[in-house]
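Worksheet for the structure shown next.
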Amino acid sequence: MKFPFTSPRLATFAAVGLFALVNLAASAAAPVKIGFLVKQPEEPWFQLEWKFADQAAKELGFTLIKTGATDGEKVLAAIDNLAANGAQGFIICTPDTHLGPGIAAKAKAANLKLLSVDDQFVGADGKPMAKIHHLGISAGKIGESVGATLAAEMKKRGWSAADTAVCAVTFDELATAKERTDGATSALLAAGFAKEKIFKAPQRTSDIPGAFDAVNILLTQKSSVKHWLVCGMNDSAVLGAVRALEGRGFGPDTAIGVGINGTDCIVEFEKSKPTSFYGSMLLSAKQHGYQTAEMMFKWIKDGVEPPLDSRTIGVLITRDNFRQVLKEQGITK
Ligand code: GLA
């Protein structure tokens, strides 16, 4: 007599249990999808970050959704798209660090984990958003190495202080860029270079044309300088400067440029004749691409929270050693 009463109950329990089990299995097996947004997809640096993130996706088994997010609108649309596609998190080098609070709020609302790479978000108070997980470079230190290299090369060439000036291609609205050029100029000052011979060429855009235009203006103003030492936030900044210098007749015997990235100057180093682009601080695109993707993957899959702030280093490459170093780092074959 009890059966007619208990069996529907049992059936309900069984159904609920089965539903829970199916649900659990579905969430455990939910495929991991990670977004990777970059501000300048045309720059070799960002293409390499993507390449290494792709490698992580293949090796660890997740889907990578890459988006070139060149302005704020594209960033917001990309986040919507990630949420609609069932992604659980994303890595971003934002086109504007002041978008940080908006991006963080949108990611939170869409329940997406967030990791910034390269350019750290800036809060409404103008300070870095230290609570957003970030991986960037040790910008000041790397800049100092640029300055020290320029000072050493000037000395090697026996250029006099009276004839030599520094052209710092600056992009001060971006903190990591300012730290780099400030680091370079402080190392030059420490090496005894005169402060009044250090000139800034502010870029309006952080690309080769932006640097080319900025340096052309400076060269017009300072036409009596015989030797130039050039630093900038990255390879593009120094390449733009080198092209402007060439337009005024400066070459490797009269100008020295040292970039940062080491990935956007490979074509320059491969030229049969040396140019005044002497060297670059090679950064680790693998750490910025593979490691950030791996951090995000483990955060989503195993709940392992990445460190809040990671910093990577750079090593000097020149025409003499770039092939070997790039091969060692898996950038070229
Ligand atoms: C910035 C620059 C890039 C590269 C990265 C490295 O985003 O724009 O060219 O130097 O930093 O972190």
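None of the figures in this text is laboratory data; all of them are computed from the coordinates on show. These numbers were taken from a predicted model, which means no experiment stands behind them. No Cβ is skipped: glycine too gets one built from the backbone with ideal geometry, and neighbour counts run over all protein chains shown.
Values computed for the structure shown
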{"item": "Reduced Cα scattering model of the chain, Debye log10 I(q)/I(0), q = 0.08, 0.11, 0.12, 0.15 Å⁻¹", "result": "-0.44, -0.73, -0.84, -1.16"}
{"item": "The range 114-222, relative contact order in percent, only Cα pairs under 8 angstrom and at least six apart counted", "result": "26 percent"}
{"item": "Rounded to 5, percent antiparallel among DSSP beta bridges of the chain", "result": "15 percent"}
{"item": "For the chain, built as a Gaussian network whose Cα springs stay under 10 Å, the top-fluctuating residue of Arg204, Arg157, Arg323", "result": "Arg157"}
{"item": "Value of relative contact order over the chain, rounded to a whole percent, pairs C-alpha under 8 Å and six or more apart", "result": "18 percent"}
{"item": "Extension gain (nm, one decimal) between Ser186 and Lys74, 0.36 nm per residue minus Cα-Cα", "result": "36.6 nm"}
{"item": "Pairs from Lys106/Lys301; Lys131/Lys301; Lys200/Lys327; Lys156/Lys178; Lys39/Lys298; Lys51/Lys226 whose Cα-Cα separation, in the structure shown, is over 32 Å", "result": "Lys200/Lys327; Lys51/Lys226"}
{"item": "Test item: Cα-centred dipole of the chain, Lys/Arg +1 and Asp/Glu -1 on Cβ, debye", "result": "540 debye"}
